[in-house]
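Beneath this line is the structure, given in structure tokens, with notes to follow.
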Amino acid sequence: MKQKLYVVEGTHDETLLKQIDPNIKTVSVGGSQIKEDVIQFLKTYEDKFQIILLLDPDYTGEQIRKRIAKHLVNPTHIFVQKHKAISKNKKKIGVEHLSLEDLKTMLLHEVQELPKK
């Protein structure tokens, strides 16, 4: 079984994941302007890691998900429920706003993409 590598949008997302497990492997794409070297890194290590896309439940997060997924053979997805990812001031939506309990639950609901032909 491959080790899991979680792909997230930013460092706040990584910080939240590391609160659950300090040894969890994460990669931050740095927001919507994904650098080509990040995509190359993911393609290079796809054989070694199970790549799991854990992105914000908004337009930008879905665009990032689509862009990354089209470059990978068989990514795994975790889809965040929008109503659980709203900031306390109700102005932002993102993985970093999930409660630890909600995040733990969502980590159990991975969706495997069908292999591309």
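The values are calculated or read from the model by the stated rules, or taken from the named source; none is laboratory data. What you see is a predicted model; the values in this text were computed from it and never measured. Just so you know, the surface numbers come from the protein's heavy atoms only, side chains and all, with ligands and any DNA or RNA stripped out. Shrake-Rupley method; radii C 1.70, N 1.55, O 1.52, S 1.80 Å.
What translational diffusion coefficient, in µm²/s and rounded to a whole number, does the Stokes-Einstein relation yield for the chain at 20 °C and a viscosity of 1.002 mPa s, taking the hydrodynamic radius as the Kirkwood radius over Cα pairs? It comes out at roughly 150 µm²/s.
The residues of region 15-61 present an accessible area of 54 Å² per residue when probed at 1.4 Å with all protein chains retained. For Lys4, the amide hydrogen comes within under 5 Å of the amide hydrogens of Gln50, counting only partners 5 or more places away or on other chains and with H modelled in the peptide plane. Our summary gives the chain a relative contact order of 25 percent, counting only alpha carbon pairs under 8 angstrom and 6 or more residues apart. Counted residue by residue at 0.36 nm each, then reduced by the alpha carbon distance between them, the extension gain from Ile86 to Val73 reaches 1.6 nm.
Of all the options Val73, Val95, Val27, the one that moves most in a Gaussian network model of the chain with Cα springs shorter than 10 angstrom is Val73.
Normalised by 2.2 N^0.38 Å, where N is the number of residues, the alpha-carbon radius of gyration of region 49-100 equals 1.22. A simple rule links phi to the HN-Hα coupling: the Karplus curve 6.51 cos²θ - 1.76 cosθ + 1.60 with θ = phi - 60°, which for region 30-44 gives x, x, 6, 8, 5, 7, 4, 5, 5, 5, 4, 4, 5, 5, 5 Hz, with x for Gly and Pro.
On the accessible surface of the chain, probed at 1.4 Å, how many percent belong to carbon and sulfur atoms? About 54 percent, which is the carbon plus sulfur part of the accessible surface. The shape of region 7-69 comes out oblate: with a ≥ b ≥ c from the C-alpha gyration tensor, a/c is at least 1.5 while a/b does not beat b/c.
Taking Lys90, Lys43, Lys70 in turn, the Gaussian network model of the chain (Cα-Cα springs below 10 Å) assigns the largest fluctuation to Lys90. Over 32 Å apart at the Cα level, from the set Lys66/Lys90; Lys35/Lys104; Lys43/Lys90; Lys43/Lys91, are Lys43/Lys90; Lys43/Lys91.
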